[in-house]
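> Here it is, the structure in full.
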Amino acid sequence: MKRLIGASALLIFLGVGPAAGQQKTRAQPMDGAATHPANGAAAPPTSVVPKPVAARADTTQVRLGGLWKGPLKVLGGKLDLTISVVPLAGGAYFAALDVPAQRVSRLATEVRVRGDSVLMDVPEADSRYRARFYADSNQLAGIWTRAGVATPVRLRHSPMPLADPAANRLTPPYREEEVVFSNPASRQLLNGTFSVPAGPGPFPAVVLVTDAGPQKRDGTVGGYRLLGSLADYLTRRGVAVLRFDDPGAGPSAAGQPLAGTLAQRTADVHAAINFLRTRLEIKINRIGVVGHGEGANVALLTAGQALPPAFVVALAPYGRPGQQTLLQQYVDDLKAKSTDPAIVAARYDRQRTMYDIIRQSSPQQASAIVANMMRQDDAALDPAAARTAAAAFLSPAKRSFLNFDPIATLDLVECPVLLMTGTLDTETPADQHLTPIEKELKSTNHNVVAKRIVGANHLFQPPAAEWTMLDGVMKPIFSPVAQEAMREWIMGLKK
């Protein structure tokens with residue numbers, strides 16, 4: 001994220017002499033913790049540092065997520081500092097410094113934690129903060145140093161303010177319509193949002209399909225609206241969008257069965273395409289399907305049947321048989337927990353046996369066997385709880401995916417296809433999933449494009465440093481590179 005700061009914004013760091021409590025000091029090592037006596041440096045004055053907690057430093061659990069606020073004494077007064085810290089995966093942090101009085105905003109800050117020592121560096125301002133974390137008072141106390149001037153600073157923690165994206169959403173520059181359409185095969189009503197670009201039309205259009213369900217129409221994960229944000233992007237750029245709630249999800253889910261098999265989901269998408277074919281705003285010969293995860297495979301299945309879509313965009317599709325995919329994800333999860341290899345191998349064989357039983361036995365037989373296996377693995381599990389847990393493995397959707405071969409019907413797909421996967425996708429890594437689909441499609445279809453989006457994960461989020469800051473919190477976004485590649489490809493298709 002690019003940040004611009006003017007010369008006047010650096011008054012906090014430049015041209016300010018020592019104030020009360022400040023002292024000249026020699027530059028300290030970048031990797032040292034100036035406030036921790038164990039590191040060979042003097043602690044801050046006792047007027048600044050609260051009494052140490054009883055727990056030993058190496059057992060203190062430092063929780064930095066949130067806002068850290070406090071005054072920095074300068075000549076003639078003080079300046080209020082706010083450092084926003086967002087924990088990232090792998091123990092890393094995203095942080096930014098704000099000094100409202102000096103109009104310093106979102107200045108990149110590097111954060112490291114060593115025991116109970118917190119090291120912060122602001123490279124653009126040649127400044128650093130070496131502090132100690134005090135769990136009892138949830139404070140940081142240490143020394144702020146710039147150009148040899150050292151000032152005691154105490155920062156107090158406060159939680160990040162919460163923001164409701166729906167409440168803060170501005171009226172979009174296009175028309176949105178709540179719609180209901182039916183799937184004749186299941187006799188179910190499907191509820192969705194139909195967004196139409198500004199202008200007379202008619203427009204190309206897409207149906208958005210969620211990952212394994214049941215999910216609401218926006219494909220929301222946490223506060224991240226994967227399909228909702230994609231719908232907004234495409235509609236603003238001339239593509240009408242229909243997204244709908246899976247059966248069993250959304251405001252009208254009462255009494256509906258959960259999202260079902262791949263065949264049932266494919267029928268839902270056909271119903272959505274036919275709904276778009278009834279609309280005057282839509283070009284009937286330019287209706288496509290964009291699916292994510294399992295939804296990408298549903299999109300490809302739809303394209304291999306009668307009355308197919310005009311094109312397909314498959315985001316992070318599964319390219320290995322369902323059972324292989326689930327087993328690999330199970331093993332990857334165990335390895336991520338540093339499980340002993342011998343235990344990983346034993347659990348793999350156990351899980352494979354369970355999946356074989358589910359696939360090859362009747363539901364009633366499989367239910368009894370799986371429940372028994374679960375009780376053998378966990379002696380504390382009572383019979384009722386085991387039956388409940390087994391039921392989750394025996395749902396029609398689960399059995400459908402276990403038996404699914406994503407390559408089997410790709411030779412029936414004749415429409416243009418765009419395949420996209422992030423290079424940091426650990427759920428459907430490109431070499432295991434995108435590559436076999438690309439190879440099979442291109443053997444019979446000459447209008448296939450495959451793209452690997454650098455730095456994007458399975459949810460098509462870019463690296464955290466590229467996210468959007470909202471109310472002091474870094475909010476994930478849909479990769480702009482992926483969005484634009486998708487729009488450009490759709491608009492570039494032959495009319």
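Values quoted throughout were computed directly from the atomic coordinates according to the rules given, and no laboratory measurement underlies them. Quick caveat: nothing in here was measured; it's all calculated off a predicted structure. Positions of Cβ are generated from backbone atoms using ideal geometry, with glycine treated the same way; all protein chains shown enter the neighbour counts.
> In sequence order, what are the phi-derived ³J(HN,Hα) couplings for the stretch 330-338 according to the Karplus relation 6.51 cos²θ - 1.76 cosθ + 1.60 with θ = phi - 60°, rounded to whole Hz, with x for glycine and proline?
Whole-Hz 3J(HN,Hα) from phi for the stretch 330-338: 5, 5, 4, 5, 5, 5, 5, 8, 6.
> Another one. Classify the stretch 388-473 as rounded, prolate or oblate from the Cα gyration tensor: take a ≥ b ≥ c as the square roots of its eigenvalues, call it rounded if a/c is under 1.5, otherwise prolate when a/b beats b/c and oblate if not.
Note, shape of the stretch 388-473 comes out oblate.
> Let me ask something else. List every residue whose amide H lies under 5 Å from the amide H of GLY223, counting only residues 5 or more places away in sequence or on a different chain, with H placed 1.01 Å from N in the peptide plane.
Under 5 Å from the amide H of GLY223: no residue qualifies.
> Something else about it: Give me the net charge of VAL118's neighbourhood, meaning all other residues with Cβ under 12 Å from the Cβ of VAL118; Lys, Arg count +1, Asp, Glu -1.
Local charge sum for VAL118: +3.
> Let me ask something additional. Pull out a ≥ b ≥ c, the square roots of the eigenvalues of the alpha-carbon gyration tensor of the stretch 263-409, then state rounded if a/c is under 1.5, prolate if not and a/b is larger than b/c, and oblate in the remaining case.
It comes out prolate by the Cα gyration axes.
> Suppose R0 equals 60 Å; then what is the FRET efficiency for ARG452 and SER137 from their Cβ-Cβ distance, rounded to the nearest 0.05?
Result of the calculation: an efficiency of 0.80.
> While we're looking at this one, here's another question. R0 = 25 Å: FRET efficiency of ASP349 with ALA263, Cβ-based, nearest 0.05?
With a Förster radius of 25 Å, E is 0.25.
> With θ set to phi - 60°, apply the Karplus curve 6.51 cos²θ - 1.76 cosθ + 1.60 along the stretch 234-250 and write out the HN-Hα couplings as whole Hz, x wherever there is a Gly or Pro.
Calculated HN-Hα couplings, in order: 5, 5, 5, 10, x, 10, 6, 9, 10, 10, 9, 6, 5, x, x, 10, x Hz.
> Further question: In nm, to one decimal, how far is the modelled label at LEU75 from the one at THR423, with both set 7 Å along Cα→Cβ?
Between LEU75 and THR423, the simple spin-label model gives 4.9 nm.
> May I ask which of LYS216/LYS398; LYS216/LYS442; LYS283/LYS494 have a Cα-Cα span longer than 23 Å here?
In this structure, LYS216/LYS442 exceed 23 Å between Cα atoms.
> Near the amide H of GLN188, under 5 Å away, which other amide H atoms are found, from residues 5 or more places off or on another chain, if H is placed in the peptide plane?
Under 5 Å from the amide H of GLN188: ASN183.
> With the Cα gyration tensor of the stretch 322-402 giving a ≥ b ≥ c as the square roots of its eigenvalues, does the rule (a/c under 1.5 for rounded; else a/b larger than b/c for prolate; else oblate) give rounded, prolate or oblate?
Oblate, since a/c reaches 1.5 and b/c is not below a/b.
> To check you understand DSSP bridge types, tell me what percent of the beta bridges within the stretch 362-495 (both residues inside) are antiparallel, rounded to 5.
Approximately 35 percent, going by the DSSP bridge assignments.
> Let me ask you something else. Taking amide H positions as placed 1.01 Å from N in the peptide plane, with prolines and chain starts having none, which residues 5 or more places from PHE203, or on another chain, fall under 5 Å of its amide H?
ILE282, LYS283
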